[in-house]
Amino acid sequence: MNTDQIRQVIMKILSRIAPDNDLTGLKDEVPFREQMELDSMDFLDIVMELRKLYRVQIPEEDYGFLSTMASTVQYLIPKLQTATA
Amino acid sequence: MYDTIIIGAGLSGLAAGIRLAYYERPVCIVEKHTTIGGLNSFYRLRKRDHDVGLHAVTNYAKPGTKTGPLSKLLRQLRLRWEDFDLTPQCGSSVAFPGVTLRFTNEFALFEQQVAEHFPSQIDGFRRLVAQIQQHDELNLANRESSAREIVSRAITDPLLVDMIFCPLMFYGSPTAHDMDFTQFVIMFKAIFLEGFARPHEGVRLIMRKVVQQYRKFGGELRLRSGVKRILSNNGKVSGVELESGETLEAKHVVSSAGSAETMRLCDIAPPEQEPYQPGAISFVETIFSLDCMPLDLGHNETIIFYNDNERFVYDAPAEPIDLRSGIICSPNNFQYATPLDEGRVRITALANPNYWMNLPQDEYIAEKDAWTKRIVESALRFMPDFRSHVIDTDAFTPRTITKFTSHLNGAVYGAPHKIRTGTTHLENLFLCGTDQGFLGIIGSMLSGITIANLHLLKAPSSN
């Protein structure tokens, strides 16, 4: 998967977790927490959805990398390199 | 071999089950009773549908609200706002000698009522509300502290203190006289800051949506499957033995049976001391079907919390029932688009669990009838006389609650000491539900979600 595809995957997961949020205009560099009302339960869901969809394991100490869209995509590039969108 | 076996198909067990099933964990819920529901159940009697437990769903929020417990749990369970069909209340009150405080789902009214009836207390009241709003009640590391002490620092009039505590205790205190402050905050937000709602169809709708979701994600549900024993060796659970003798193996067990009740299933003698002491607060509830709507009699309130004793006493009474205080609920008085088919009044009062547990069967029925009449007489001081309109009556007691839920003493709010982290002496046995500490319809589901997330989903699946 390339950067764009990974971004699409995250968008899909976010819309599943927070269906009432309008995701158009989501800024890649601003923390999700500031743009959407996400809490720790929602972050766990991002991790769990990635595990469910692509069998990616994300250890708890790495959750910090998931704060913005940009950092999440960056973090996932090596993990999703061989995955197909 | 299951990843997880969940004991009890109440809202907490089903919510935990949805989380696990959604993330593809092989999960099985085992339920002793012939139907789902647990402490928030329903039944049919003489062609009438009744709710048990639920007077109202607390924690109401308007559709589309992004924060708060209700939106959190809908997101976690992948449910939509429409699924629960929550219709807001008409208005409720706390009625004490000489003063009545009204409240709705708009908190401003309650604040205004306090200012009007207790002008010297309003500044303290506002300080207390600010403190409540800042308190993170979902933090599992909160220490237990006395809510009465904290509230009395802000509010000096004992009447107002009692009037604030009355609905919160009636709707969720497992402890007599006082509450843990975190529990107090949960209930204050749930009742006064968020408020009441109800689906037109009652608790059935919520149960149905939740169990459908669980099944849709692949969860297995076994009714009439009481657990005889939780099997373990070397400090680890290996599964459960059912009352039928059948054994089910699992990597984890989550129990919503209650803490003392769960310890019994582990073959640990009924523990006499903390932390596994069962609760002792229970209720008798009377249900009246009417030949008219409560509104036709001039009764338009959703819920009235009443007390006419000088001080409000919340404890298991020495008498079979405490007639000084109670709760009047009319499921008709919500803002439905179409009215319910029939008028209903439910009146609930504190009961002495031992008395009702130990009555011989023939006396039990007669006593239930006699006390039902007394409860109504007591409640009539706070509502119009509806007795000539009653076409059907039912009542349940602590004994009924224990029979159908297996919760000791009919203690609907469980043990006085909550085990917030849900951990036990066995590393892969967890507690959820009433004795984990999040109460009410919304709280119980959040409890199941929290325990599933924290102990089962965060850990990488070993499948």
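Nothing in this text is a laboratory measurement; each read-out follows from the coordinates by a stated rule. None of the values given here were measured: they were computed from a predicted structure. With ideal geometry, Cβ positions are generated from the backbone for all residues, glycine too; neighbour counts draw on all protein chains shown.
Remark: region B:298-314, residue by residue, has Karplus-estimated 3J(HN,Hα) of x, 9, 10, 8, 6, 9, 10, 9, 10, 7, 10, 7, 4, 10, 7, 10, 10 Hz, where x stands for each Gly or Pro and the curve is 6.51 cos²θ - 1.76 cosθ + 1.60 at θ = phi - 60°. Taking 7 Å steps out from each Cα toward its Cβ at B:ARG381 and B:HIS425 produces label points 4.7 nm apart.
Note: relative contact order over chain A, using C-alpha pairs below 8 Å and six or more positions apart, is 47 percent.
For the pair region B:30-60 and region B:402-462, the centres of their Cα atoms are 19 angstrom apart.
Count neighbours as other Cβ atoms within 10 Å of each site's Cβ, and list the trypsin sites (Lys or Arg not before Pro) in region B:185-228 that are DSSP loop with at most 16 such neighbours.
On the way: sites: B:LYS189, B:ARG204, B:ARG208, B:LYS209, B:ARG215, B:LYS216, B:ARG222, B:ARG224, B:LYS228; in loops: B:ARG224.
Loop-located and lightly packed - B:ARG224.
Note on B:ASP83, A:ASP39: ascending count of other Cβ atoms within 10 Å places them as A:ASP39, B:ASP83, the fewest first.
Within region B:388-406, which residues have the backbone N less than 17 Å from the label spot 7 Å out from B:ARG48 along Cα→beta-carbon, could you tell me? Taking a point 7 Å out along Cα→Cβ of B:ARG48, the residues of region B:388-406 whose backbone N falls under 17 Å are B:388-397.
Partners of B:LYS66 within straight-line reach, counting lysines whose Cα lies under 23 Å from its Cα and excluding those fewer than 8 residues away in the same chain: A:LYS12, A:LYS27, B:LYS189, B:LYS209. Tell me whether region B:25-71 comes out rounded, prolate or oblate; compute the Cα gyration tensor, take square roots of the eigenvalues as a ≥ b ≥ c, and use a/c under 1.5 as the rounded threshold. Oblate is the answer for region B:25-71, as a/c is 1.5 or above yet b/c matches or exceeds a/b.
Could you work out the mean count of beta carbons from other protein chains within 10 Å of each residue's beta carbon in B:355-366?
Values: counts 0, 0, 0, 0, 0, 0, 0, 0, 0, 0, 0, 0.
Averaged over the peptide's residues, the number is 0.
Overall shape of region B:280-405 was characterised from the C-alpha gyration tensor. The equivalent ellipsoid obtained from it has semi-axes of 25, 17, 13 Å, in decreasing order. For chain B, the antiparallel share of DSSP beta bridges with both residues in that region comes to about 70%. Among the residues of A:30-38, the average count of other protein chain beta-carbon atoms within 10 Å of the residue beta-carbon is 1.
Rg and Dmax, both from the Cα atoms of region B:184-307 and both in Å, are 20.9, 64. Here the extension length gained between B:MET357 and B:ASP308 equals 14.9 nm, from 0.36 nm per residue of separation less the Cα-Cα distance. A DSSP coil position with no more than 12 other Cβ atoms inside 10 Å describes the following trypsin sites (Lys or Arg not before Pro) in region A:15-85: A:LYS27, A:ARG55.
Name all residues of region B:105-143 having a backbone nitrogen under 18 Å from the label point set 7 Å from the Cα of B:SER152 along its Cα→Cβ direction, giving them as ranges. B:121, B:124-125, B:128, by backbone N distance to the label point.
In chain A, the ratio of gyration radius to Kirkwood radius, Rg to Rh, stands at 0.92 when only Cα atoms are counted.
Kirkwood Rh, region B:50-154, all Cα pairs: how many Å? Numbers along the way, then the final one.
Working: mean 1/r = 0.0600 Å⁻¹.
Result for region B:50-154, one decimal place: 16.7 Å.
The convex hull around the C-alpha trace of chain B, projected and averaged over every direction, spans 21.3 square nanometres.
Size estimate for the protein assembly as shown follows the Kirkwood approach: the inverse of mean 1/r over distinct Cα pairs works out to 24.5 Å. Under 5 Å from the amide H of B:ILE29 lie the amide H atoms of B:ILE6, B:GLU220, B:LEU221, B:ARG222, each residue being 5 or more positions distant or on a separate chain, with H modelled from the backbone and absent for Pro and chain starts.
With runs of 4+ DSSP H residues as the only contributors, calculate the mean residue ellipticity of chain B at 222 nm using -39,500 (n - 2.57) per run, divided by the residue total and rounded to the nearest 500. Kindly include the intermediate steps, with their values, before the conclusion.
Values: 13 runs with 139 residues, N = 463.
After summing the helix terms and dividing by the residues of chain B, the value is -9000 deg cm²/dmol.
Counting other beta carbons within 10 Å of each residue's own, what order do B:THR450, A:THR82, B:THR100 fall into, fewest first? All intermediate terms of the calculation are to be shown ahead of the outcome.
Values: B:THR450 26, A:THR82 8, B:THR100 15.
Starting with the residue having the fewest Cβ neighbours, the order is A:THR82, B:THR100, B:THR450.
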